[in-house]
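Q: Dumping the structure here so I can ask a few things about it.
Values in this text are rule-based calculations from the coordinates and carry no lab data. In this text, all values refer to a predicted model and were calculated from it rather than measured experimentally. Cβ placement follows ideal geometry from the backbone for every residue including glycine, while neighbour counts extend to all protein chains displayed.
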């Protein structure tokens, strides 16, 4: 049986196998648990009442993780129906789901690596101007400066997720200023044992000044002090080297299925 999540403890099984994605699913579930119209987390339950497949169904993406075996028939049917609606640009998945999805969809596959840190990071001596958790508009400006203008609806929903994440003690957004907001990093989701670091972004004119490393270190040290293991996913090999210098270690791969046709049609 597949259903919209109605018990947050069901995500504990995902967190055991996938700490990084367990954090992201937990944040999404907690942020909108009391608002089913916006809740996007689905689980497939077996005959013993255990959740074995986990889906985060966004407007243009799907995260599918089945850490205890290949996804069941209902999960596959659910994902197929979402893709058939014609809005899905990419799917993120684990190895157990990859073979099933590749047989169903003509998507291009890319690999990505998850990384974790075990210890606090010695902070640079630089004294930067940092604010946390309330500067969502400034944080969004940094994101748009790096990736381009988005629709107002995308911005509004991003801010809503941030606000609700902060209220649920799942999210912390750090914004670094140099007269204006120039860099961000975010703890986007916490479980009992882990935390996910995302949205490490610096405006193009302010890169190579150590801002991203500094903000990442802030996130790592906050999580370590909370007795949680910090996890993240590098955007590219160059960024991975930066994280390795900070003490992160590669853990496991996951997979990114990219719907080229849908992306081209929406340009």
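Q: What order do you get for 3-9, 208-214 when each peptide is scored by the mean count of other beta carbon atoms within 10 Å, highest first?
A: Order by mean packing, descending: 208-214, 3-9.
Q: Say we join alpha carbon atoms closer than 10 Å with springs in a Gaussian network model of the chain; which of 67, 204, 19 then has the biggest fluctuation?
A: Comparing 67, 204, 19 in a Gaussian network model of the chain, the most mobile one is 204.
Q: A further question follows. Where does helix 73-84 land angle-wise versus the long Cα axis of the chain, in degrees 0 to 90, nearest 10?
A: Relative to the chain, helix 73-84 is tipped by roughly 60 degrees.
Q: When the chain is fully extended, how far beyond the present Cα-Cα distance does residue 17 get from residue 160, taking 0.36 nm per residue of separation?
A: Contour length minus the Cα-Cα distance gives 48.6 nm.
Q: For the range 139-168 and the range 170-185, write down the distance between their C-alpha centroids in whole Å.
A: 12
Q: So between residue 252 and residue 77, what do we pick up on full extension, going 0.36 nm a residue minus the alpha carbon distance?
A: Result for the pair: 60.3 nm of gain on full extension.
Q: Now, a different point. For the range 1-85, max minus min Cα coordinate along each principal axis, in Å, sorted largest first?
A: Extents along the principal axes: 31, 28, 22 Å.
Q: Rounded, prolate or oblate: which one fits the range 66-154, using the alpha carbon gyration tensor with axes a ≥ b ≥ c (rounded when a/c is under 1.5, else prolate when a/b beats b/c, else oblate)?
A: Oblate is the answer for the range 66-154, as a/c is 1.5 or above yet b/c matches or exceeds a/b.
Q: Right, next: As I understand it, the value is the acute angle between the Cα axis of helix 19-32 and the longest principal axis of the Cα atoms of the chain; what does it come to in degrees, rounded to 10?
A: Taking the Cα atoms of the chain, the angle to 19-32 is about 80 degrees.
Q: Could I ask something else about it? Return, for the Cα atoms of the chain, the radius of gyration and Dmax in Å, separated by a comma.
A: Computed over the Cα atoms of the chain, radius of gyration and Dmax are 18.3, 58 Å.
Q: If one computes the Cα centroid of the range 39-92 and of the range 96-134, what distance in Å separates the two points?
A: 20
Q: Round to the nearest 10 and give me the degree value, 0 to 90, for the angle of helix 136-147's Cα axis relative to the longest principal axis of the chain.
A: That works out to roughly 80 degrees.
Q: Taking a ≥ b ≥ c as the square roots of the Cα gyration tensor eigenvalues, with a/c under 1.5 meaning rounded and otherwise prolate when a/b beats b/c, else oblate, which class fits the range 30-185?
A: prolate
Q: Let me ask something additional. In whole Å, how far is the Cα centre of the range 8-27 from that of the range 196-259?
A: 19
Q: Mark the label point 7 Å from the Cα of residue 193 along Cα→Cβ and return the residues of the range 227-245 whose backbone N is within less than 11 Å of it.
A: The answer is 229, whose backbone nitrogens lie closer than 11 Å to the label point.
Q: Moving on to the next point. By its C-alpha gyration tensor, with a ≥ b ≥ c as the square roots of the eigenvalues, how is the range 118-247 shaped: rounded for a/c under 1.5, else prolate for a/b larger than b/c, else oblate?
A: oblate
Q: Based on the Cβ-Cβ distance of residue 109 and residue 131, what FRET efficiency does E = 1/(1 + (r/R0)^6) give at R0 = 30 Å, to the nearest 0.05?
A: It comes out at approximately 0.15.
Q: Evaluate the distance, in nm, between pseudo-label points positioned 7 Å from the Cα of residue 241 and of residue 84 along their respective Cα→Cβ axes.
A: 4.7
Q: Next question. Once you put a point 7 Å from the Cα of residue 225 and another 7 Å from the Cα of residue 120, both along the Cβ direction, what distance in nm separates them?
A: Using points 7 Å along Cα→Cβ, the separation is 0.8 nm.
Q: Please identify which residues in the range 61-78 have an amide N closer than 14 Å to a label point set 7 Å out from the Cα of residue 95, following the Cα→Cβ vector.
A: So the set is 66-70.
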